[in-house]
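Enquirer: Right, I'll just put the structure down here and ask away after.
Just so it is clear, none of the values below were taken in a lab; they were calculated from the coordinates. Computed from a prediction, not measured in an experiment: that's the story for all the values here. Counting neighbours? That spans all protein chains shown, and the Cβs are built from the backbone with ideal geometry, glycine included.
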């Protein structure tokens, strides 16, 4: 019973994406639906948590510099870039916002520092993703220019997610092999991994990815 209660709490409070907007003014009918996250009937970026036929909470996908939609089949927020037919209404509740500032080249930033000066997008495909010397940073190549992203922080744990170059989401630290530094934190990678394992009762393998990029 205690384990089931824990899983239910994780399900409600750890949505498929981080830095999501919790929404309170969008009704949704969960009756007859299986437990899980369901995309809104109108808004491509809004999804709802249904448990035992009841509507528990609504979320909006984070709009980090470009459109994200909720992929109901994969149960994640994904880039809408270069995709067609992923959401018939093409209506988005949340406006696109500027990526949070951090050292590195950011959309619209005039003054910036360089993170990972040896990582270049020269010769990389448009939309390619590159790893960083920091566990919680990743880079995207757009038209030959490099944009740096910091993985978002969960709303129920005191640390950032980490970039997973193999599967290309920002993922739970206990599922990423990284012993590098953490950007913006003095906490060691080993300590964060230990805390992440404790949060998931020492086994986070079965928990779904939280935030995934668009695969090519």
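Enquirer: May I ask you to compute the full-extension gain from residue 167 to residue 179, defined as 0.36 nm times their residue separation minus their alpha-carbon distance, rounded to one decimal in nm?
Expert: Length difference between fully extended and current span is 2.5 nm.
Enquirer: Return 162, 38 ranked ascending by Cβ neighbour count within 10 Å, so the fewest neighbours appear first. Present the calculation step by step, with values, prior to reporting the outcome.
Expert: Working: 162 28, 38 20.
Neighbour counts put them in this order, fewest first: 38, 162.
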